[in-house]
Amino acid sequence: MTKLSHPTSGYNQLWRCNAYDSVASLAAIFENPRVHTGKGYRNAGDAVRGCVECGIEKKRSDLSNNQWRKGQGESKCTSCVHSQRQNNGTQASNEIRWESIVDSITCDAEGCYNTSPPAFRCRSCFMVYYCSEACQRRHQHAHSPGCLNLEQLRYRFQVAKNDPNLNSGLCNAHPLILSQMRARAISTRLSGRRTVEILLLQAESIHQLDGDWDIALELYKEILMMSEGREHSIATASQWRQVWMGLCRCYYELGIYDKAISAGSAALEMNRHFPQVHRYIALAHRARGDTAEAVKTMKQAVLYEAPWCDETIQFNKDLLRQLMSRE
């Protein structure tokens, strides 16, 4: 190998096994023999290397010692490093932390009157919270039969999302599914049948596809009227939740915020974990000017709602940040 004379250290470091990896890189070294080490310049800051982040050729003085040691193709200039730190700091400051939202809920163990924020939660389903390990042990017998592992919940969610027949929440249904359901509702309505299922199909398709809140509201009210004076429920728990969530959305869109909050609270009592069940309650509180209560509601949404659905979690966090910025 041809030796290249080094001004201060004799022969330079071309003898290293990784000094070059191709004829092209060797030719570049011959053009500027000290570019790969930064040594031999009368001013060390004149050595040049490309920044892997911005792609601009930077002088040695534009890179920190730590970045320069990483070598060609891995080094970042000082300005890119600082920019990345600022972005990471901004993301960290925007992150919703457990400590900042857990004050909105209390212990789920029956008979516990401790009003301090919970310190534990179920490690299986991540949906039930406790103030102490003693409360968690005491509540274990009641909670275990209905407790599902989070991975099981994620799997069920994916199956339900892909199969219209298993979709139990029309408030989250895809427009294509709603269109299919509306066609079924219209054909059944023409036959003269008016059941809870048919009225729900009509109401959900009208208020989500057409945005006709008045007509949808009347259909939901009709379901309530059908249940009056009956000993047995005319609908399943899932259907009643859909009714109350639908009423909450309709009242909110029509500007009747007190009734929206009342209907949404009824849906919460039935299933506080269902996607979107907190959303219009919080928005109704905000519309009334009660931002603090809206923030509290969305904090609960982040903690309780659908830990198996990443989209719901992200939406709730974004809405919570938006509300907190207005406090």
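So which residues in the stretch 298-327 are closer than 17 Å to THR106 by Cβ and either touching a residue at least 40 places away in the same chain (Cβ under 8 Å) or of a type in the set (Phe, Trp, Tyr) (or both)?
LYS299, GLN300, VAL302, LEU303, TYR304, listed by residue number.
Name the residues in the stretch 249-271 that are surrounded by fewer than 22 Cβ atoms within 10 Å (Cβ to Cβ) and touching a residue at least 40 places away in the same chain (Cβ under 8 Å), would you?
Across the stretch 249-271, the qualifying residues are GLU253, LEU254.
Which residue is modelled with the lowest pLDDT, if the candidates are limited to the stretch 189-215 and must be small (Gly, Ala, Ser) and surrounded by 13 or more Cβ atoms within 10 Å (Cβ to Cβ)?
First, pick out the residues of the stretch 189-215 that are small (Gly, Ala, Ser): 191-192, 203, 205, 211.
Retained after the next criterion (residues that are surrounded by 13 or more Cβ atoms within 10 Å (Cβ to Cβ)): 203, 205.
On the way: ALA203: 79, SER205: 72.
Per the criteria, the residue is SER205.
The values are calculated or read from the model by the stated rules, or taken from the named source; none is laboratory data. The shown structure was predicted, so the numbers you read here are calculated from the model rather than taken from an experiment. Methodologically, a virtual Cβ is constructed for each residue, glycine included, from the backbone with ideal geometry; neighbour enumeration extends over all protein chains shown.
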